[in-house]
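Here's the structure, in structure tokens; my notes come after.
What follows draws every value from the coordinates through simple rules; no lab data is involved. As the structure is a computational prediction, the values presented were derived from the model and not from experiment. We place every Cβ from the backbone using ideal geometry, glycine too, and count neighbours over all the protein chains shown.
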Amino acid sequence: MNIVLFGPPGSGKGTQAKLLAERYGVPHISTGDILRENINKETKLGLEARTYMDRGELLPDDVLIGIIKDRLSQSDCASGFLLDGYPRTLPQAEALSTILTELGKNLDVVLNIDVPEEELLKRLAGRRMCVCGASYHILFNKPKQEGICDLCGSKLYHRDDDKEEAIMNRLDVYKDQTQPLIDHYTQAGVMLTINGAADIGDVFNEICRLLDDLKSGI
Ligand code: ADP
Ligand code: ADP
Ligand code: ZN
């Protein structure tokens, strides 16, 4: 299945994507993780990305479109993919549709994870990340050992863009540039909205139920 996980910063896209990738055996493609990997490796892309990300701003569309085109062309996407953090603008959504047509694929569903803003603020402020892409929360999703990733044993860190000023900017950017995609995908008939304010396990079960229904209908 070809899936886009959609939602504001902190809605739980990455958390759900990790669980879904395991259950359905499709790759989790997170543009944020790809960019952070490039920052860690100090690549040319990483150096460019850093200036935007620290301020909570979006990178230029052409950069992201190039990344996604390369990634979706890889062989592990043959049986499906889970996109997390892309598309974030209308030009990115239009480019995705062109890329998929070129690759002979189509988009099965856009899952919109809906979470009230005050909950997003709490989630982002308490989020702790791992270099492997896993995310935790100091209250809602604690690692087994404080400050250490359950999956790979690395030390967790607090993202620079999860500090107050950048959080507010990212939420504004979401409302301005990304939220309009809800109408776009609703009109395309592929949008499903999920209540993301429940526990991680409950949100996961709800998504699995929707995807299983969809799969049996395909
Ligand atoms: P996104 O990828 O959409 O930005 P994350 O998956 O990184 O969001 O989740 C943001 C923060 O909220 C993380 O700290 C995560 O552990 C926590 N979180 C995710 N889902 C839930 C949930 N359903 N309830 C409470 N906290 C959650
Ligand atoms: P979140 O947890 O807020 O959903 P991500 O990890 O997906 O954040 O993205 C972090 C940052 O990476 C964004 O604030 C932006 O600077 C950059 N970024 C990620 N995906 C995109 C995209 N599709 N278009 C432009 N910038 C992006
Ligand atoms: Zn880890």
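Summary table below
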{"quantity": "Summed side-chain charge close to A125 - residues other than A125 whose Cβ falls under 10 Å, Lys, Arg +1, Asp, Glu -1", "calculated": "+2"}
{"quantity": "Estimated 222 nm signal from helices in the chain, with DSSP H stretches of n ≥ 4 weighted -39500 (n - 2.57), rounded to 500", "calculated": "-14500 deg cm²/dmol"}
{"quantity": "Placed amide H near Y86: partners under 5 Å, 5+ positions off or other chain", "calculated": "T31"}
{"quantity": "Qualifying GluC sites (Glu not before Pro) in segment 1-110, DSSP loop, other Cβ atoms within 10 Å at most 13", "calculated": "E42"}
{"quantity": "Total formal charge among the other residues, if their Cβ is under 10 angstrom from that of D150, Lys/Arg +1 and Asp/Glu -1", "calculated": "+2"}
{"quantity": "Inter-probe distance in nm under a simple model that places probes 7 Å from Cα toward Cβ, at N195 and C208", "calculated": "1.9 nm"}
{"quantity": "Ascending count of other beta-carbon atoms within 10 Å, so fewest first, for V110, V4", "calculated": "V110, V4"}
{"quantity": "Gaussian network model of the chain, springs between alpha carbon atoms under 10 Å - residue of G85, G56, G201 with greatest fluctuation", "calculated": "G201"}
{"quantity": "Candidates per GluC sites (Glu not before Pro) in segment 139-178, loop by DSSP, up to 14 other Cβ within 10 Å", "calculated": "E146"}
{"quantity": "Share antiparallel - DSSP beta bridges, segment 74-218, percent rounded to 5", "calculated": "55 percent"}
{"quantity": "Loop sites in segment 3-78: trypsin sites (Lys or Arg not before Pro), DSSP, at most 13 other Cβ within 10 Å", "calculated": "K41"}
{"quantity": "Net lengthening on full extension, Y52/S73 (0.36 nm per residue, minus Cα-Cα)", "calculated": "4.9 nm"}
{"quantity": "Kirkwood-type radius of the chain, with distances r between different C-alpha atoms, in Å", "calculated": "17.7 Å"}
{"quantity": "Sequence of L20, L211 once ranked by neighbouring C-beta atoms within 10 Å, starting from the fewest", "calculated": "L211, L20"}
{"quantity": "Dipole magnitude (debye, nearest 20) for the chain, charges at Cβ of Lys, Arg, Asp, Glu", "calculated": "580 debye"}
